[in-house]
Structures are given as structure tokens and as C-alpha cells.
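*Asks:* Take this structure first; my questions come after.
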Amino acid sequence: MPEVILECSCGDLAKLIMSWSNDNPGRRFFGCNKFGSRFRKPCRFFSWFDPSLTPRSRMVLLGLLKKLRTLEDTRKRERRTWFWCL
Ligand SMILES: [Zn+2]
């Protein structure tokens, strides 16, 4: 993904970030570098870059992510089994 950066109204930079929440899987948004409580003067700038997902797209994406995680878990377990066999 090419890096896209905006200058936020607070003077810091807002980067394009990918959301992996269950409500918005794969949807990109701009978030200020100073977003979050770890900053003394946090900035609340947040703006969606991609349009909202249709319920069907969200369902398909979440289904694919679940399958991917299951496959990754299976692969990790198999690797561990091989390690103990060698
Ligand atoms: Zn900001």
C-alpha cells in the first residue's frame, strides 16, 4: 500500500491507516500522529478515506479473515509438531 500522508490542522501529520475492526475490516482512514492518550495534547482528527462497506462485503471479508486465521493457527501447530518430531 503506498504511503499517503496529510498535514493535520494541529500541524502534525495524518497517515493513511488500515482498519481491522470487525465493523470496518480493510477500510482505510486518516488518523493524526498525535491521536491517543499517550500524548500530552492529543489530537482527535480522524477521517474515513474509503466509503463504508456494504453489509455483504463486510460479511465476506470477515469470513475470509476467519479462514485465514484458522489456516495460520493450523500451520503454527503443524510447525510445532514437526519441531518436536525432529
Ligand atoms: Zn492532528
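*Asks:* Give me the extension gain from L64 to C85: residue separation times 0.36 nm, minus the current Cα-Cα distance, reported in nm with one decimal. Intermediate results must be reported in sequence, preceding the final value.
*Replies:* On the way: separation 21, 0.36 × 21 = 7.56 nm, distance 3.16 nm.
Fully extending the segment from L64 to C85 adds 4.4 nm.
*Asks:* What ranking, highest mean first, results for peptides 28-34, 11-17, 73-79 when packing means the other Cβ atoms within 10 Å averaged over each residue?
*Replies:* 28-34, 11-17, 73-79
*Asks:* Want the number for F29 to C10: 0.36 nm per residue separation, take away the alpha-carbon distance, what's left?
*Replies:* Numbers: separation 19, 0.36 × 19 = 6.84 nm, distance 1.73 nm.
So the chain would gain 5.1 nm between F29 and C10.
*Asks:* Check which residues have an amide H placed less than 5 Å from F49's amide H, if you skip close sequence neighbours.
*Replies:* R28, F29, F30
*Asks:* Something else now. Relative to the longest principal axis of the C-alpha atoms of the chain, give the angle of the C-alpha long axis of helix 55-85, reported between 0 and 90° and rounded to the nearest 10°.
*Replies:* The two axes meet at around 50 degrees.
*Asks:* Another one. Semi-axes of the chain's equivalent ellipsoid from the Cα gyration tensor, sqrt of 5 times each eigenvalue, largest first, rounded to whole Å? Could you put the intermediate results ahead of the total?
*Replies:* Working: eigenvalues 243, 76, 23 Å².
Values for the chain, descending: 35, 19, 11 Å.
*Asks:* Just subtract the alpha-carbon distance of S47 and M18 from 0.36 nm times their residue separation and send over the number in nm, one decimal. Spell out each step's value before the answer.
*Replies:* Numbers: separation 29, 0.36 × 29 = 10.44 nm, distance 1.19 nm.
Value of the extension gain: 9.3 nm.
Only the coordinates and a few stated rules stand behind these numbers; no lab work does. The structure presented is a predicted model; accordingly, all values stated were derived computationally and were not measured. Virtual Cβ from ideal backbone geometry, glycine too; neighbours counted across all protein chains shown.
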